[in-house]
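Below is one structure, written out as structure tokens; the observations come after it.
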């Protein structure tokens, strides 16, 4: 959120969940600046916790638990679709 709006601006975010027997689909939509998290590389693996900076590990954490993540940009809207497979 800190980087999604021009300085001093606001971003409107909508979140939707679709739950079925085999998956959870989370859809995040916002009108912020274009940002494709799928193109970002994972955070660097560090040797010790003391070497870790604050922040920068969110995408790595999300990727470690989701089945898929897809980004779309249309009509000045960001859309991120994140799928979690249900454990059987």
(request) Mind counting the residues in segment 65-88 that are within 16 Å of the chain's Cα centre (by Cα) and surrounded by 11 or more Cβ atoms within 10 Å (Cβ to Cβ)? (result) 16
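Looking only at segment 64-88, how many residues end up being modelled with pLDDT of 85 or more and not in a strand (DSSP E or B)?
In the first step, residues of segment 64-88 are kept if they are modelled with pLDDT of 85 or more; the result is 66-85.
Those still in the list that are not in a strand (DSSP E or B) too: 66-67, 75-76.
Residues flagged as modelled with pLDDT of 85 or more and not in a strand (DSSP E or B) within segment 64-88 amount to 4.
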(message) Need pairs with beta-carbon distance below 6 Å; first residue part of a loop (DSSP other than H, G, I, E, B) and within segment 9-22, second surrounded by 10 or more Cβ atoms within 10 Å (Cβ to Cβ); sequence gap 6+ or separate chains.
(response) 11/4; 11/5; 11/30; 11/32; 12/31; 22/86
(request) Considering (1) modelled with pLDDT of 80 or more; (2) assigned to a helix (DSSP H, G or I), say which one residue 61 fails and leave the rest. (result) (1)
(message) Please go through (1) over 18 Å from residue 73 (Cβ atoms); (2) touching a residue at least 24 places away in the same chain (Cβ under 8 Å) for residue 27 and return the number of the only condition it doesn't satisfy.
(response) (1)
(request) Would you check if residue 16 is surrounded by fewer than 11 Cβ atoms within 10 Å (Cβ to Cβ) and at pLDDT 85 or above? (result) yes
(request) Filter segment 25-43 down to residues that are more than 12 Å from the chain's Cα centre (by Cα) and more than 14 Å from residue 64 (Cα to Cα) and give me whichever is modelled with the highest pLDDT. (result) 25
(message) Taking the conditions exactly as written (over 17 Å from the mean Cα position of the chain (by Cα) and either at pLDDT 90 or above or surrounded by 11 or more Cβ atoms within 10 Å (Cβ to Cβ) (or both)), does residue 50 satisfy them or not?
(response) no
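The values are calculated or read from the model by the stated rules, or taken from the named source; none is laboratory data. Given the structure is predicted, the values throughout are model-derived calculations rather than measurements. As a convention, Cβ positions derive from the backbone with ideal geometry for all residues, glycine included, and neighbour counts pool all protein chains shown.
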